[in-house]
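Notes for the one structure printed next.
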Amino acid sequence: FTQCRPDVAIFGEKDYQQLRVVAQMARDLDLGVRVVGSRTVRERDGLAMSSRNVYLSADERRVAPTLHGVLKQMATRLRAGDDIQPAARAGAAEITKAGFALDYLEVRHAETLAPLGPKESGPKRILVAAKIGTTRLIDNIAA
């Protein structure tokens with residue numbers, strides 16, 4: 001940013017943690033750039049588009065949309081007032097049952113990425129990273 005001095009920088013929401021860190025860095029260092037998030041582009045079945053998707057076998061590709069499906073279910077539960085931990089445990093069980101090796105499934109404050117209490121209010125983001133076969137997939141959704 002200091003080299004090219006952009007007015008705006010657009011980062012995809014697919015890597016939400018990166019987006020939040022870069023946006024905070026730009027503010028903290030007063031870099032004069034507005035960091036904007038661009039929505040995640042998805043396949044018709046909900047899988048987040050990624051160059052990594054080409055490494056999925058046909059069977060893995062059929063299972064991969066499970067990540068997005070679980071995130072949507074969790075978001076629905078959280079919006080209905082469910083506690084974070086039971087929703088996260090149920091989501092993790094579904095992801096593992098589908099054949100993924102779960103790296104993390106977290107519900108964090110959408111702006112700060114700080115951990116949240118069981119029924120904490122404010123904007124939430126559900127974040128997941130999991131491997132299926134040799135491919136590590138990431139996704140996230142607002143809750």
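The values are calculated or read from the model by the stated rules, or taken from the named source; none is laboratory data. The shown structure was predicted, so the numbers you read here are calculated from the model rather than taken from an experiment. Here the Cβ is made from the backbone with ideal geometry for all residues, glycine too, and neighbour counts use every protein chain on show. With ligands, DNA and RNA removed, areas are computed over all heavy atoms of the protein, side chains included. Shrake-Rupley method; radii C 1.70, N 1.55, O 1.52, S 1.80 Å.
Per-structure values
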| read-out | value |
| --- | --- |
| Area of LEU137 that stays accessible when all protein chains are in place (1.4 Å probe, Å², to 10) | 10 Å² |
| Cα-based equivalent ellipsoid of the range 30-92: semi-axis lengths in Å, sorted from largest, via gyration tensor | 24, 24, 10 |
| Accessible-area composition of the range 1-142, carbon plus sulfur, in percent [1.4 Å probe] | 51 percent |
| With DNA, RNA and ligands ignored, accessible area of VAL70 (1.4 Å probe; Å², nearest 10) | 10 Å² |
| Approximate shape of the chain as ellipsoid semi-axes (Cα gyration tensor, √5λ), whole Å, largest first | 28, 21, 11 |
| Calculated FRET value between VAL54 and ARG89, using beta carbons and R₀ = 41 Å, to 0.05 | 0.80 |
| Nearest-0.05 FRET efficiency for ARG27 and CYS4, computed from C-beta distance (R0 22 Å) | 0.75 |
| Cross-link pairs beyond the 22 Å C-alpha cut-off, checked among LYS14/LYS97; LYS97/LYS131; LYS97/LYS124; LYS72/LYS119 | LYS14/LYS97; LYS97/LYS124 |
| Residue-level accessible surface for SER38, protein heavy atoms, 1.4 Å, Å² | 50 Å² |
| Contour minus Cα-Cα distance for ARG62 and LYS131 (0.36 nm per residue) | 23.4 nm |
